[in-house]
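Asker: The structure's right below; bear with me while I get my questions together.
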Amino acid sequence: MSAERFVPDRLVEQACELAGSDDFGDDDTWRDGLARLCEGLASEARLNDLGVEIAVLDLIRPLTSRLQIVIPEGVGLCQDVGDLGFRRFSASV
């Protein structure tokens, strides 16, 4: 039973249904890592039924979170820290 629960495409499909989106962005380098993790869980982890369900939820949760991130048009992912208005903290002892 556990092997069919760890099919990466099924997990991605479930996350898309939960999030109501299928836009993971342009960077899909995470897919190889997901495939390797799923393979390891299915073939090496020796999980009981409850462990399988917990692991599946632990895989779907970050996928769903990634789908729910909305970045406004024209805003870059990285901002110069200096633009955020932080001041250096110095403690004197």
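Asker: Just the residues that are of a type in the set (A, V, I, L, M) and not in a helix (DSSP H, G or I), please, taken from segment 1-21.
Answerer: M1, V7
Asker: Here's a follow-up. So which pairs qualify, if the first residue must be in segment 42-63 and among the small types (G, A, S), the second must be part of a helix (DSSP H, G or I), the Cβ gap must be under 7 Å, and the two must be at least 6 apart or on different chains?
Answerer: Short answer, once both residue conditions are applied: A42/S2; A42/A3; A55/L41.
Asker: Let me ask another. Those residues that are assigned to a loop (DSSP other than H, G, I, E, B), crowded, with 17+ Cβ neighbours inside 10 Å and among the aliphatic types (A, V, I, L, M), I need them from segment 22-64; list them, please.
Answerer: Taking segment 22-64 first, the residues assigned to a loop (DSSP other than H, G, I, E, B) are 22-29, 44-48.
Filter once more, keeping what is crowded, with 17+ Cβ neighbours inside 10 Å: 24, 47.
Across segment 22-64, the qualifying residue is only L47.
Computed from the coordinates by the stated procedures, all read-outs in this text should not be read as laboratory data. In this text, all values refer to a predicted model and were calculated from it rather than measured experimentally. Every residue, glycine among them, receives a Cβ derived from its backbone with ideal geometry; neighbour counts consider all protein chains shown.
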